[in-house]
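A quick write-up on the structure given underneath.
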Amino acid sequence: MLQVFIGFLPWILYWSFSGPGLWTIAILGGLIAAAALVTWRWFKRRDIKTMEVVTMAYFAIHAIVTLALGSSFLKTYGPIANSLVLAGMAFGTLAMKNPFTYQYAKEDWDKSYWNDPAFIRINEIITGVWGWIFLLNAALGALAIFVFPAQELWFVVILPNVGIVAGIIFSSRFPNYAVRKSIQARLDEWDPYKWSAPKFNGRPTSEDEHDVIVIGSGVGGLSAAALLAKRGLKVAVFEQHYLPGGYCTSWERRVRPPHSTPDSKERWTYVFDAGVHDVSGLSERGGIRSLLRMLDIEDAIEWKLNEQEYFIGETHFKVPHDADEFICQLGERFPSEAEAICKFFDEMRLILREMYADLEKTGGAPRGPNNIEDLLAYPKTHPHAYKWMDKPFIEMLDEFFSDPRVKDLLTALTGYLSDDPKSLTVGSMAPILGYYFNGGYYPVGGSQALPNALVDVIEKHDGKVFLRTPVQRIIVEKDRAVGIELKNGQIHRAKAILSNADTYKTFLELVGQEHLPSDFTEHIESLKPSTSAFIVFLGLDIVPNIAPITMLDDIGIMVPSKSDSSLAPAGHASVTLLKLLPETDFAKWDRKSPGYSQRKHQFADQMIASAEEIIPGLRQHITYRQEGSPATFARYAWTTNGSIYGPATGQKRLTIKTPIKNLYVAGSGVMGSGVEAAAIAGIHAANEICKTK
């Protein structure tokens, strides 16, 4: 209101001197004051305010009409004209989507707030209120002139000033009220279900009773289970697969060498991964590092730094480990974009720093503020994250670059999250671009090393992980999750149930629509599953001359044995080819459809032929081969349509708490896809169920 008050100074001068009839001083004083404001703002900041320009123009006309021409029109009808001019100014700035109070508010608020929809909306409301006050005052002036001339004091002075005072009070108090209400609404979106976490009083003693049951042993579920077990709770994890880890699993395949005799016991052993070959979050403040540190197993896994290489269109690029060197090489490759490349990575570095800045406040994993005061401060304390987090990543690239080849390179890793780069926000892509700053890593022994380490923590603290033990339903009594029923009919009960299973299957199959609010059911049913993929596992008797993580247009070629030589015999390699498929292709990959095996084999042949562009003679060096289709992912990971990222990106995510009391969810449906995102979801789920003391 201070800035608005300054804008009103010419009018205050005018009203002060016109009341006693000092018209010359009133008009010229108002004109000079308005001109001084406009001039001062222009020369100081190259800025003008609409109200001050309109005021200056009005007083200039007033001076000509009243002082130069000697007309008394604006003296007589001033109470109407003055208010109509101000009303026109207010509603005009609204129509131009630049409310006059917004123009002044920017003087007092940090630039990071200016584009916030709530900030703009509040000023639209305030400007609208002032517009109606000015219209009301014009109507009061008309009543004083045409209807109640004897009551001029009331209709021209007292009542209009009451309106002005009311406007000042409203303008002073409404922003605080509106901002806090808006922020509370945002907090409610993140935590719409207000039921309290269960109380864990005394450790259950029965074999079928637990403090917490976790359905599914993906990284999200295991992370939460390990943290909760370490906090002293009795935890049980139930997994339908024979390995823990979900997509973060690996397994051995033993192959008889072609030169061996029938009675020879010699075998070549290859280790393959289900889907995880490159892990982020291992920087000092990364999500995986934070999890391992909280579990006291930071040194339990040996990590190897991966290398990346891109063959995209006509562009071939090897990514150096050092981010500054990467930026330098990109600039040399694309000199016209060199300056923009530096600015882009400088901005991304700041975004990442701010995203991970508050781990101590947010329970060990990044997330937005969870209270009004921190959210109010967030745009100022985290200006770069605030500016970009929710914007589409493609729009950010368009803002910095014009060369499509640069954009293609910087979207090379979007396949870690989705087959649709346009659906990804800067907030979701920032940790992926963190690979360039902090590196991507591979666990020695295969991706199974991470879930195995988490299982060890669970079992060390007397928790249990049941494999080959599928869950049939979540038991709900009086709107509260109280246990599970296994496929074999056994019942297990717990005070809290955490599902790390597929989103659709959790709610539509395990819980059942009869226990869910209709709007929540509609939301789950409306969610589109993410893409699936086709995968080819190859044992080779050569070591390809490519990086462990190589992107060949739309095919990912992973050679983890180049990061960890123990995954293949000496001179051999374990290779995985991965190609994303749209979810609409799932029907053609029905395992029961005619020609399924032949179709799968032919598709793998095509991928192998493509890979031969950079691995010459690949076919002649294959010692082992296995293919996996979307049906394979659906079968082993128990996902809808074989989706590999949970619900598709760009849709409203689930919250950790659900409409069913004591039922929580973790995994890709909450924080998005990727190992680090799953671990972060698990950390937050554990904190919701049982916060650290």
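Starting at the first residue of region 345-352, write each ³J(HN,Hα) from the Karplus equation 6.51 cos²θ - 1.76 cosθ + 1.60 with θ = phi - 60°, in whole Hz, x for Gly and Pro.
6, 4, 5, 5, 4, 5, 4, 4
For region 298-448, what class follows from the C-alpha gyration tensor (a ≥ b ≥ c being the square roots of its eigenvalues): rounded when a/c is under 1.5, otherwise prolate if a/b is larger than b/c, else oblate?
Because a/c hits 1.5 or more and a/b fails to exceed b/c, region 298-448 counts as oblate.
Find how many whole Å separate the alpha carbon centroid of region 405-437 from the alpha carbon centroid of region 462-528.
With region 462-528 and region 405-437 each reduced to a Cα centre, they are spaced 33 Å.
Roughly how many nanometres apart are two label points built 7 Å out from the Cα toward the Cβ at Arg46 and Glu314?
Output for this residue pair reads 3.9 nm.
Decide, for region 183-228, between rounded, prolate and oblate: order the square roots of the alpha carbon gyration tensor eigenvalues as a ≥ b ≥ c, take rounded if a/c falls under 1.5, and otherwise choose prolate if a/b is larger than b/c, else oblate.
On the way: a/c = 3.36, a/b = 1.67, b/c = 2.02.
Oblate shape, in that a/c is at least 1.5 and b/c is the bigger or equal ratio.
Show me the ranking of peptides 647-654, 395-402, 290-297 by mean Cβ neighbours inside 10 Å, starting with the highest.
Working: 647-654: 18.2, 395-402: 15.6, 290-297: 20.0.
Most protected by this proxy first, the peptides run 290-297, 647-654, 395-402.
Rounding to the nearest 20 debye, state how big the charge dipole of the chain is about its Cα centre with +1 on each Lys and Arg Cβ and -1 on each Asp and Glu Cβ.
Details: 69 positive and 75 negative charges, 321 e Å.
Computed about the Cα centre, the dipole is about 1540 debye.
Suppose R0 equals 60 Å; then what is the FRET efficiency for Leu22 and Asp519 from their Cβ-Cβ distance, rounded to the nearest 0.05?
The formula returns an efficiency of 0.40 here.
With every protein chain left in place, what is the accessible area per residue of the chain in square angstrom, probe 1.4 Å?
45 Å²
Mind listing which trypsin sites (Lys or Arg not before Pro) in region 184-252 are in a DSSP loop and have 15 or fewer other Cβ atoms within 10 Å? The partial results should precede the final answer.
Values: sites: Arg186, Lys194, Lys199, Lys230, Arg231, Lys234; in loops: Lys194, Lys199, Arg231, Lys234.
Answer by residue number: Lys194, Lys199.
Normalised by the number of residues in region 292-442, what is the relative contact order in percent for Cα pairs under 8 Å and 6+ residues apart? List each step's numbers first, then the result.
Numbers: 141 pairs, mean separation 43.6, N = 151.
Averaging sequence separation for qualifying contacts and normalising by length gives 29 percent for region 292-442.
Any chance you could get the radius of gyration and Dmax over the Cα atoms of region 396-455, in Å?
14.9, 48
If you take the beta carbon distance between Ala139 and Asn115 as r and set R0 to 56 Å, what does 1/(1 + (r/R0)^6) give as a FRET efficiency, to the nearest 0.05?
Details: r = 36 Å, r/R0 = 0.64.
Efficiency at R0 = 56 Å is approximately 0.95.
Farthest toward the dipole's positive end in region 230-289, which of Cys248, Gly275, Gly286, given Cβ charges of +1 (Lys, Arg) and -1 (Asp, Glu) about the Cα centre?
Farthest towards the positive end: Gly286.
Would you pull out the residues with amide H under 5 Å of Ala533's amide H, same chain only if 5 or more places away, H placed 1.01 Å from N?
Leu581
Largest first, how would Thr39, Thr55 line up by accessible area (1.4 Å probe)? Please report the intermediate quantities before stating the final value.
Working: Thr39 70, Thr55 0 Å².
These residues rank, largest area first, as Thr39, Thr55.
Rounded, prolate or oblate, given the Cα gyration tensor of region 258-376, with a/c below 1.5 counting as rounded?
Details: a/c = 3.40, a/b = 1.31, b/c = 2.60.
It comes out oblate by the Cα gyration axes.
Within the set Lys391/Lys422; Lys380/Lys407; Lys44/Lys106, which residue pairs have Cα atoms separated by over 18 Å? Let's see the in-between values first.
Working: Lys391/Lys422 10 Å; Lys380/Lys407 29 Å; Lys44/Lys106 15 Å.
Lys380/Lys407, as the Cα separations exceed 18 Å there.
What ³J(HN,Hα) values, in whole Hz, does the Karplus curve 6.51 cos²θ - 1.76 cosθ + 1.60 give for region 332-341 when θ = phi - 60°, with x put for Gly and Pro?
5, 6, 10, x, 5, 10, 4, 5, 5, 4
Give the share of C-alpha pairs in each 20 angstrom bin for the chain, from 0 to the last occupied bin, in whole percents, shortest bins first.
16, 39, 25, 15, 5, 0, 0
Order these peptides, 565-573, 175-183, by their mean beta-carbon neighbour count within 10 angstrom, highest first. It would help to have the intermediate numbers written out before the result.
Numbers: 565-573: 17.7, 175-183: 15.6.
Descending mean neighbour count gives 565-573, 175-183.
Quick one: what are the phi-derived ³J(HN,Hα) couplings along region 557-562, Karplus 6.51/-1.76/1.60 with θ = phi - 60°, whole Hz, x for glycine and proline?
Here the 3J(HN,Hα) series is 10, 10, 10, x, 5, 7 Hz.
Counting only residues 5 or more places away or on other chains, whose amide H sits under 5 Å from the amide H of Glu307 once H atoms are built in the peptide plane?
Ile549
Alpha carbon centre of region 103-160 versus region 254-318: separation in Å?
When both Cα centres are located, 66 Å separates them.
Using alpha carbons only, how many angstrom separate the centre of region 647-670 from the centre of region 362-392?
Using only Cα atoms to place each centre, the spacing works out to 20 Å.
For a quick protection proxy, order the peptides 437-447, 213-223, 487-497, 159-169 by their average other-Cβ count within 10 Å, most packed first.
Numbers: 437-447: 22.1, 213-223: 30.5, 487-497: 17.9, 159-169: 15.5.
Ranking, from highest mean packing down: 213-223, 437-447, 487-497, 159-169.
Would you tally the net charge around Gln598, using a Cβ to Cβ cut-off of less than 12 Å, leaving Gln598 out, and scoring K and R as +1, D and E as -1? Display every interim value, and only then the final one.
Working: positive: Arg599, Lys600; negative: Asp605, Glu627.
The answer is 0.
The values are calculated or read from the model by the stated rules, or taken from the named source; none is laboratory data. Predicted model only: the values in this text are computed from it and were never measured. All Cβ positions, even for glycine, are placed from backbone atoms using ideal geometry, and neighbour counts span all protein chains on display. We work out accessible area using only protein heavy atoms, side chains counted, and drop any ligands, DNA or RNA first. Shrake-Rupley method; radii C 1.70, N 1.55, O 1.52, S 1.80 Å.
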